[in-house]
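Here the structure comes first, spelled out in structure tokens, and everything after it is commentary.
What follows is calculated from the coordinates using simple rules that are stated; it is not laboratory data. The shown structure was predicted, so the numbers you read here are calculated from the model rather than taken from an experiment. Reconstructed Cβ throughout: ideal geometry from the backbone, glycine too, with neighbour counts over all protein chains shown.
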Amino acid sequence: MISKKIISKKQKFQSKLFTLWEVDVKINKKKQTWETVSLNGVTKSVMIIPITNDNKVILIKKFCTASNTYEYVLPGGKVEKEELLKQTAKRELIEEIGFEPKELIPLGPFKILPAYLVGTIYGFIGKNLKINQKYFEEEIEILKKSAFTLQEILEMIKNKKIRDVRTVAILLYFFTFFHCQNDCLAPQHH
């Protein structure tokens, strides 16, 4: 069996957004060096699948600076210090789509590029949405939002209209393990 252990880690570069680390790993008796990246101050984030009363999913269309494109994504954001995951999920839904969930169901933790990127995304289902007046009075964060049927979302993924890998992964996880025709919380039986 191969034994791997981190023996040292040192900061190589830091910007306003991220830090690049050089990590020495002992593999059996040899040393290898890898680079990893951490987003400054962000080790946890949330993404929420907001389900409307008529079983549609709300997506936002967000400008993504790195790719210079608008992308359909699930609402979400970073977990602030001392904030609970469900508090973050609720806050992000209010800020990004103007709805407050009466019910938040965890989907579990997800890792993106775990060999290179430090951080975990916690998925949630947001149900029984109610309008949050503060959002509409203060226009906290103006993002274009649209509601789609489950079939429309699957077609959008298939036709590469939803390309954010986090959004795709969480939606497909949800569609695979939860039946959404009548009750989005009833696990599918295979």
I'd like the FRET efficiency for SER3 and SER67, computed as 1/(1 + (r/R0)^6) with the beta carbon distance as r and R0 of 41 Å, rounded to 0.05.
0.55
Only helices counted: for the chain, with every DSSP H run of 4 or more residues adding -39500 (n - 2.57) and the sum spread over all residues, [θ] at 222 nm is -6500 deg cm²/dmol
Between ILE131 and ASN28, 0.36 nm times their residue separation minus their Cα-Cα distance comes to what?
31.4 nm
When the chain is treated as a GNM, springs tying every alpha-carbon pair under 10 Å, which of ILE105, ILE48, ILE27 comes out with the largest mean-square fluctuation?
ILE27
Given contacts defined as C-alpha pairs under 8 Å and at least six residues apart, what's the relative contact order of the chain, whole-number percent?
20 percent
If the limit is 21 Å between Cα atoms, which of LYS44/LYS160; LYS86/LYS144; LYS4/LYS44; LYS56/LYS102; LYS127/LYS161; LYS44/LYS130 go over it?
LYS44/LYS160; LYS86/LYS144; LYS4/LYS44; LYS127/LYS161; LYS44/LYS130
Using the Kirkwood radius over Cα pairs of the chain, the Stokes-Einstein translational diffusion coefficient at 4 °C and 1.567 mPa s, in µm²/s and rounded to a whole number, is 70 µm²/s
Using only the alpha-carbon atoms, what does the stretch 1-90 span along each of its principal axes? Please give whole angstrom values in decreasing order.
59, 33, 28
So which trypsin sites (Lys or Arg not before Pro) in the stretch 16-95 are both in a DSSP loop and have at most 11 other Cβ atoms within 10 Å of their Cβ?
LYS16, LYS29, LYS81
